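Reviewing the structure listed below.
The values are calculated or read from the model by the stated rules, or taken from the named source; none is laboratory data. Computed from a predicted structure; not experimentally measured. Backbone-built Cβ (ideal geometry, glycine too); neighbour counts: all protein chains shown. The protein model used for the area step is the full one, side chains on, heavy atoms only, and it has no ligands, DNA or RNA in it. Shrake-Rupley method; radii C 1.70, N 1.55, O 1.52, S 1.80 Å.
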Amino acid sequence: MKSHSKGLGKYGSLLVLYCFLTFLIFSLGNGTMNVAVALFEERNGWNQTYLLSLQSIGAWTAILFIFIIGQLYGKGKIKLRKLILSAGCLYAVGIFLWGQLTNLILFTCAFIVCYIAYPLWGTLGNHSLINNWFPRKKALVTGITTIGFPLGTGLGSIVFTVLNRKLGFSNAYIVLGVAALVICLFGFFTFSEYPEQRGQFPDNDHNMTKEQAKAILEEGQRLSENSPWTIKRLLRTKEVWLLGISNAYLFAIASGCMGTMVPRLLSTGRYSPDQAVVYLMIAAFCACPGSFLCGFIAHKTSPKTGLIFTILSCVLACIMNIIPSTPLLVISLILIGIGTGGSANFIMSMTSEYWGRYNFQKAYPTVLTINQLVGSGGPMLMAVVAAKANWDVSYIVMAVLGVAATIIALPIKKGFVERAEERFAKESFTTAESLI
């Protein structure tokens, strides 16, 4: 039957805007650290390496919360809209405090609060909404919304510099906190968990009546409630680990390269602070079309193909980055931009591709936990290797890890979910027979 899809629709377009803004505000806040670390050291005497490492420390601390809250959401114990509201508000309060605190321990706590809240608000929340509203257009929509990540990273230094100059250091973070709160409330009051609950259609596909769409949703939710995918079964499925680990490389290189680019360029002695910020902007703004490109490739081919393309782009970028040549540096930054743009695309689209619309919430929290566990070490790994050796060595390490991530992704084949479910059914039938 021919699909009558009319673009994204009013609510679908607003959802894309909302997800874009949540990605933007987080990466913009995170991007301020490229400039703010020096000011924190000047104002408070805090060590820059420690401050840069907080991104990894915060992300690792968040893993337990991602796993626990994610499992409760997967079991229907926590509603998605309430998760968006509580986590979004918590993030807003955390980043508000960044500019107010002068005690390093309290600042560390506020920083970690943001890194606990954001994956629940932005990553789990956004990706769940996209899966529910766009089950067929997920890769393309994710490619559009995640433009917010690199754009925010590129604008972070500029926005913070302007706000700091006009309003002062503390007030700059007050503005970011208020903006985050407004975005959170916009999402909470505008969207339902599923489009059918708003009288809308998944993928804005008008091929059925609203009553038929609602009936299909109710049947899908019943199937989800009886899903065979438990935590134990997920952890015993090798593709879950392959998916989480291979995608973790993009998370590591995006946060690692973009989060430490200014100190890395300054360490070469060939670029001034102003030039370093300009080069960071080049990478960040190239990541905007890069995000769409990665989403488009995944939409037209498969999310796995898009993942491998993006990983190999990052490997090439790392190799070019260590060659002392400005033209090669620019090419490297463009490729890093593509990798950064695509870094958040595939963990969601691959999980949705393999598990489907109604099993997504069962599988995604576990896959995301593995992804965060492995990928969170990016900024710390690069900063520590650079401190012990130099920045060139850190980029060599990331190139080698990219090759390993490609090898890890190759065995993931479509159909493993269906085969596993057949096996689960046989196991259940055998168990039932033994009890008779």
Result for the chain: accessible area per residue, probe 1.4 angstrom, in square angstrom, of 40
Looks like the stretch 180-232, by Cα gyration tensor root eigenvalues a ≥ b ≥ c and the a/c under 1.5 rounded cutoff (else prolate when a/b is bigger than b/c, oblate otherwise), is oblate
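Would you please classify the overall shape of the stretch 198-274 from the alpha carbon gyration tensor, given that a ≥ b ≥ c denote the square roots of the eigenvalues, rounded means a/c under 1.5, and beyond that prolate means a/b larger than b/c while oblate covers the rest? Provide the component values of the computation, followed by the final result.
Working: a/c = 5.72, a/b = 1.96, b/c = 2.91.
Cα axes put the stretch 198-274 in the oblate bin.
222 nm [θ] for the chain, helices only, -39500 (n - 2.57) per DSSP H run of 4+, per residue, to 500? All intermediate terms of the calculation are to be shown ahead of the outcome.
On the way: 19 runs with 348 residues, N = 436.
The per-residue figure over the chain is -27000 deg cm²/dmol.
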Between the Cα axis of helix 326-342 and the main Cα principal axis of the chain, the angle (0 to 90°, nearest 10) is 30
For the stretch 164-170, Karplus-derived ³J(HN,Hα) couplings (6.51, -1.76, 1.60; θ = phi - 60°; whole Hz; x for glycine and proline) come out as 5, 6, 7, 10, x, 4, 5
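Which value, in nm² and rounded to one decimal, describes the direction-averaged projected area of the C-alpha convex hull of the chain? Please report the intermediate quantities before stating the final value.
Details: hull surface 87.2 nm².
Computing the convex hull of the Cα atoms and averaging its projections yields 21.8 nm².
Cα gyration tensor of the stretch 84-175, axes a ≥ b ≥ c as square roots of the eigenvalues: rounded (a/c below 1.5), prolate (a/b > b/c) or oblate? Mind showing how you got there, number by number?
Working: a/c = 3.23, a/b = 1.67, b/c = 1.93.
Here the stretch 84-175 falls in the oblate category.
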Restricting to Cα pairs under 8 Å and 6 or more apart, the percent relative contact order of the chain works out to 24
Here FRET efficiency (C-beta to C-beta, Thr190 to Cys109, R₀ 35 Å, nearest 0.05) is 0.65
Full extension between Leu235 and Thr49 adds, at 0.36 nm per residue less the Cα distance, a length in nm of 63.5 nm
Scalar couplings 3J(HN,Hα) for the stretch 407-424 by Karplus 6.51 cos²θ - 1.76 cosθ + 1.60 (θ = phi - 60°), nearest whole Hz, x for Gly and Pro, are 4, 5, 6, 4, x, 6, 10, 4, x, 5, 5, 5, 5, 5, 5, 5, 5, 4
Share of accessible surface on carbon and sulfur in the stretch 328-436, whole %, 1.4 Å probe and ligands ignored, is 68
Rounded to the nearest 10 degrees, the helix 80-98 long axis (Cα) sits at an angle to the longest Cα principal axis of the chain of 10
The farthest towards the positive end of the charge dipole of the chain, of the residues Thr369, Gly99, Ile282, given +1 on Cβ of Lys and Arg and -1 on Cβ of Asp and Glu, is Thr369
Carbon/sulfur accessible area of the stretch 217-266, % of total, 1.4 Å probe, equals 59
In the stretch 1-103 the accessible area split gives carbon plus sulfur, as whole percent at 1.4 Å, a share of 64
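Could you sort out which of Lys137/Lys362; Lys138/Lys238; Lys10/Lys79; Lys79/Lys413 sit more than 26 Å apart by Cα distance in this structure?
Too far apart for the 26 Å limit: Lys79/Lys413.
Highest first, please rank the peptides 374-383, 398-407, 124-133 by the mean number of other Cβ atoms sitting within 10 Å of their residues.
Working: 374-383: 23.8, 398-407: 17.8, 124-133: 25.3.
Put in order of decreasing packing, that is 124-133, 374-383, 398-407.
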hull vol. (C-alpha, convex hull) per residue for the stretch 1-126, Å³ -> 135
Of Ala287, Ala179, Ala254, the most mobile residue in a GNM of the chain (C-alpha springs, cutoff 10 Å) is Ala179
Here, Arg419 and Glu225, labelled 7 Å along Cα→Cβ, have an inter-label distance in nm of 3.2
For the stretch 206-211, Karplus-derived ³J(HN,Hα) couplings (6.51, -1.76, 1.60; θ = phi - 60°; whole Hz; x for glycine and proline) come out as 9, 7, 9, 7, 5, 5
Of the stretch 311-334, those with amide N under 18 Å from the point 7 Å along the Cα→Cβ vector of Arg270 are 316-334
